[in-house]
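Worksheet for the structure shown next.
Read-outs throughout are calculated quantities, based only on the coordinates presented, and are distinct from any laboratory measurement. Note that the coordinates shown come from a computational prediction; the quantities given were computed from them, not determined experimentally. Virtual Cβ from ideal backbone geometry, glycine too; neighbours counted across all protein chains shown.
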Amino acid sequence: MEVPALNLKAIVFVHWLLTIFACIFPSWLPNAYYLSNLSVLAMGVWAVAQRDSVDAIFMFMIGLVITIVLDILLLALFYASAEQISEKSLQRDLFRFSGGMAILNLILKPLSCFFIYHMYLERGGECNISLGFVTVSRDRSTYQTIDHTDTAAEQDKLPSRY
């Protein structure tokens, strides 16, 4: 099954828009939510700017995974108390909209990670995971060292020990 092509700019834009909408209601989310999501979006802009960079898109993908965990924790800790406070105020609907956008942003992040992973593979990235002990490694067998010397030439220079 072919994965549909999705533009990285669209992913960054949708998450930016949902983050801004989640931040509309004042002070219901801590600063960690704003800082983590906007930092990851900055990595997304970096991945858009450098189309061939494997590191940029990998960092964006890992940042999204980290913010998924962080968003779950922050929404679980702060949503109920903020809802109780907003029920007594005139901005109850604004809080519901803001909370809904934060939850929608969280729901779309795993889907975005799936598409970004396929973009990562298209850019030439590799992710090898062994099942015994979970490790992530890149195959560097085709790399040559800087101080590469010709072994045949060295054998000619060495004196024989007869």
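Between the residues 33, 66, 54, the greatest Cα displacement towards the positive end of the dipole of the stretch 1-124, with unit charges on the Cβ of Lys, Arg, Asp and Glu, is found for 33. For the pair residue 24 and residue 59, the difference between a 0.36 nm per residue extended length and the Cα-Cα distance amounts to 9.9 nm. Pairs of Cα atoms nearer than 8 Å and 6+ residues apart set the relative contact order; for the stretch 15-72 it is 31 percent. For the stretch 45-98, the square roots a ≥ b ≥ c of the C-alpha gyration tensor eigenvalues yield an a/c of 1.5 or more together with a/b not exceeding b/c, which makes the shape oblate.
Label-to-label distance for residue 72 and residue 49 is 3.2 nm, based on points extended 7 Å past Cα in the beta-carbon direction. The value for the stretch 1-121 of Rg(Cα) / (2.2 N^0.38 Å) is 1.13. Residues of the stretch 4-39 with an amide N closer than 16 Å to a point placed 7 Å from the Cα of residue 88 along the Cα-to-Cβ direction: 28.
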